[in-house]
Amino acid sequence: GGQGQQPAQGPGSGPARLEPSLLRFLVCPLSKRPLRYDEATNELVNEELGIAYPIVDGIPNMIPEAARTTQKKPPAEGPKQP
């Protein structure tokens, strides 16, 4: 039994977070602009569009469908269009 072998990471590696050096290369797929890493929510935030991409196991989930809106917008009229 026992737990599976974990890949060797650097000393003091805690929960999987975003590698800071990756941040320079990451841009929003929608606006092609740099993203801000929010440590509190572990998300990549696009202030311009008011969306945030989740980071799962240290990997940013950069698909627009996964992003959540961060801006408080008034509720849209009618059913939400895809």
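Full extension of the chain between V56 and Q71 gives 3.2 nm of extra length, using 0.36 nm per residue less the Cα-Cα distance.
Extension gain, L26-L49: 0.36 nm per intervening residue step, less the Cα-Cα distance, totals 6.7 nm.
Here, each number is a calculation from the coordinates, and none is a lab measurement. The shown structure was predicted, so the numbers you read here are calculated from the model rather than taken from an experiment.
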